[in-house]
Amino acid sequence: MLNSKYAGLLGLTLLGLGVATRSQGQRLGNSPYSRLGLGDTYFNAGGVRQMGMGGTGLAAPNGVQVNDLNPALLYYMNRTTWEVAVNSQYKTVRNNTQSQKTGSATLGYFALAVPLSTRWGAAIGLKPFSSVDYESVQTTVLSDLNQTPVERRYLGQGDLSEAYFGQGIRLAKGLSAGLTASYIFGSIDLSTGTQVQVANSLTETRAVNIDHIHYSDFKFRGGLHYRGKFNDKLNYNVGGVYAFQTNLNGERLRTRETQNANGSQVSGTRADTLAQETGYAVVPALAQFGISIDNNKNWSINADVAQQEWSKFRSFNQQGGTAAVPLSNTFRAALGGEYVPDPTSVDNYFKRVTYRVGISMAQMPYRPAGQTLYDRAVSWGFSLPVSASPLEATTVSLAFTYGQRGNVDVNRIGGAEERNIKEDYIRAQLGISLNNRWFIKRRIE
């Protein structure tokens, strides 16, 4: 028997996917590193459960929360599950001379997973893929007799989203495989505005070059998972995911216009089209591997690693995308776990709470003066049961991450100085999971 409440949730999910192409998603606050490549990419990191464990979970099955990290784990879904989450972030961006504080709050993701049979599970969902959100100002001088100062303002906004359909199936005892097909779509707008300083003040208008790029195409990733036993009380899990290299089709429009100081177009002028072209962005393959140990009752320990060849990234045949900065390969490692004191406790609510913790370290694809920059973070989280019965359950989950990426070193390239940027951030995610047994066999009386 199909519960009408959850049928409504299915309709809401499909409606969200249907209108996704009109949505604008995830703002980062000012994130200077999002100027590179396709912006800040959300590597295949899963949902609120995985965030609380440092982004681990490739090999950690769970039957009550959606795990799109590895599609092979969809086989373990034992109830229809609808999950939605919201994100928030607060951070300080600084170099060796100045700093800025910024924050944001956005819709995170939503997903619907359904166990189709005892051997087969599937999920659909929508989540962020990458975000661009930065603004910076640079002052230089012209090589004329007066050494005229020039102010250049760089601005970028936009995001790519990922709508996906995944399936996981049991192949043999302990062995499952999965495949996820995703549709990546979205637009990125980049602009460079130039103002000349005359008589100790900037001109009232500025010339602005605008670069609008729309991307859309399909992307695929496959996963494997194996679950075995050390003994009657201890299990081990091994999982791997490979996201294939993808060429995202792109349409690019480059224009130039004259703007007022507030960013509006000067009355009586029109934008001039500089170029209009089609091309693509090469999104490199992503390889992930994870192991997990659990007691099939109330705890698990997980370790994941990932590698991505960002040196192969191209956008319209340009290294590093519009920033024209070559990118480098990256490696990420994370360790995390979860613990429930007593899942069946009746007298003590907090013994039914799931507690999570994790740490992670990731290389960044940008190498200023050959220096490797890192993103280091510690995470923690909770799952709070709200209601539970043999037929349905509701869980509210919280996850937090505190991290630092980059540094404030000053590099000398030729005769010029280049200041690195450091971000100190704290991120939070709130998720709600609704579980229900949709199909119940009727008994003839």
### Query
Charges only on Cβ, +1 for Lys and Arg, -1 for Asp and Glu: so what's the dipole of the stretch 192-342 about the Cα centre, in debye to the nearest 20?
260 debye
### Message
Can you work out the Karplus-derived ³J(HN,Hα) for every residue in the stretch 274-289? Use 6.51 cos²θ - 1.76 cosθ + 1.60 with θ = phi - 60°, whole Hz, and x for glycine or proline.
### Response
8, 6, 9, 8, 10, x, 7, 10, 8, 9, x, 5, 10, 10, 10, 9
## Note on the structure
Computed from every Cα-Cα pair in the chain, P(r) in 20 Å bins starting at 0 and rounded to whole percents is 23, 52, 21, 4, 0
### Query
To the nearest 10 Å², what's residue 350's accessible area with a 1.4 Å probe?
140 Å²
### Dipole-positive endmost among 363, 383, 349 within the stretch 345-405 (Cβ charges, Cα centre)
363
#### Entry: Volume in Å³ per residue [convex hull over Cα atoms, computed for the stretch 173-290]
172 Å³
### Query
Using the beta-carbon distance between residue 387 and residue 90 and R0 = 41 Å, what value does 1/(1 + (r/R0)^6) give for FRET efficiency, to the nearest 0.05?
0.85
### Query
Can you pull the accessible area of residue 422 for me, 1.4 Å probe, Å² to the nearest 10?
40 Å²
#### Entry: Stokes-Einstein diffusion coefficient of the stretch 367-429, Kirkwood radius over Cα pairs, 20 °C, 1.002 mPa s, in µm²/s
142 µm²/s
### Task
Past 19 Å, Cα to Cα, is the threshold; run 229/351; 91/312; 229/297; 127/297; 219/312 against it and keep the listed order.
229/351; 91/312; 127/297
### Task
Once you've got the GNM for the chain with C-alpha springs shorter than 10 Å, pick whichever of 104, 387, 187 has the biggest mean-square fluctuation.
387
### Message
Given the DSSP H assignment, sum -39500 (n - 2.57) over each helix run of at least 4 residues in the chain and divide by its residue total; what's the result at 222 nm in deg cm²/dmol, nearest 500?
### Response
-1500 deg cm²/dmol
### Summary
One can check that the equivalent ellipsoid of the stretch 285-337, built from the alpha-carbon gyration tensor with semi-axes equal to the square roots of five times its eigenvalues, has lengths in Å, largest first, of 36, 8, 8
## Note on the structure
Largest fluctuation, 377, 181, 275 only, Gaussian network model of the chain with Cα springs under 10 angstrom, belongs to 275
## Note on the structure
Scoring only Lys, Arg, Asp and Glu (+1, +1, -1, -1) among other residues with Cβ under 13 Å from the Cβ of residue 195 yields +1
### Task
Would you mind estimating how fast the stretch 239-353 diffuses translationally, via Stokes-Einstein at 20 °C and 1.002 mPa s with the Kirkwood radius over Cα pairs, in µm²/s?
111 µm²/s
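The values are calculated or read from the model by the stated rules, or taken from the named source; none is laboratory data. Just so we're clear, the structure is a prediction, and the values are computed from it rather than from any experiment. Cβ: placed from backbone, ideal geometry, glycine included. Neighbour counts: every protein chain shown. For the accessible areas, the whole protein counts, side chains as well, though only heavy atoms, and no ligand, DNA or RNA atoms are used. Shrake-Rupley method; radii C 1.70, N 1.55, O 1.52, S 1.80 Å.
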